[in-house]
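To start, the structure under review is shown below, and the notes come after it.
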Amino acid sequence: MKQRQFFENCGVFGCSVQGSDAPKYALAGISALQHRGQENAGLASSYNGSFEVVKGVGLVKDVLDPESISRMRGNKAIAHTRYGTSWDISGEMVDHSQPAEALIPGRGILAVSHNGNIPIISPMRAFLENRGINTFRMNDSEMITAVIGAHLKDGLETLEAVRMSLTGYV
């Protein structure tokens, strides 16, 4: 009998809670998913219109210090640990820590994390470049965040902006 092999990419954990302890729950969740990626880690939380993010190169335990995270407040949080697929031409790892962020004037900050590869990169790149946005060092997560952000800036509601960002090219 052939043994099943597992191929894992990135770890993503999100939560919405009563109160303001979502960052603590997100840290616990992403810590359990550390095996899904050892290159980058990040966590974003929002609460009453405020937004906080911590991210960087390294393991969850090195980037997301429990003492710092315990001071964060949020009723919503997302966390990510990265299994990288992007390297620069010199062979060095590129810091594409997530969550990716976009400032939406008048609406706040959008934070996005995802697992895997988004296959519609070429049309997303053209969409952004037609709007004067430089995509040279962006990975797919950063591009989809920028595309959703552009649709939000155009006035679309959040779900419609996400739908247009994922299906508006086919």
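The values are calculated or read from the model by the stated rules, or taken from the named source; none is laboratory data. Given the structure is predicted, the values throughout are model-derived calculations rather than measurements. Here the Cβ is made from the backbone with ideal geometry for all residues, glycine too, and neighbour counts use every protein chain on show. Calculation scope for accessible area: heavy atoms of the full protein, side chains included, ligands and nucleic acids excluded. Shrake-Rupley method; radii C 1.70, N 1.55, O 1.52, S 1.80 Å.
In segment 39-81, taking the dipole from charged Cβ atoms about the Cα centre, the farthest positive-side position among LEU64, THR81, SER50 is held by SER50. A 1.4 Å probe, protein heavy atoms only, puts the accessible area of GLU101 near 80 Å². Note on LEU166: accessible area is roughly 90 Å² with a 1.4 Å probe, heavy atoms of protein only.
Phi-derived couplings, Karplus 6.51 cos²θ - 1.76 cosθ + 1.60 at θ = phi - 60°, listed residue by residue for segment 132-139: x, 9, 6, 10, 3, 9, 7, 9 Hz, with x used for Gly and Pro. A value for Rg and Dmax of the Cα atoms in Å was derived from the coordinates, and within the list (1) 17.5, 62; (2) 16.6, 58; (3) 19.3, 57 it appears as (2). Backbone amide hydrogens, once placed in the peptide plane, bring ARG73 within less than 5 Å of nothing, excluding anything fewer than 5 places away on its chain.
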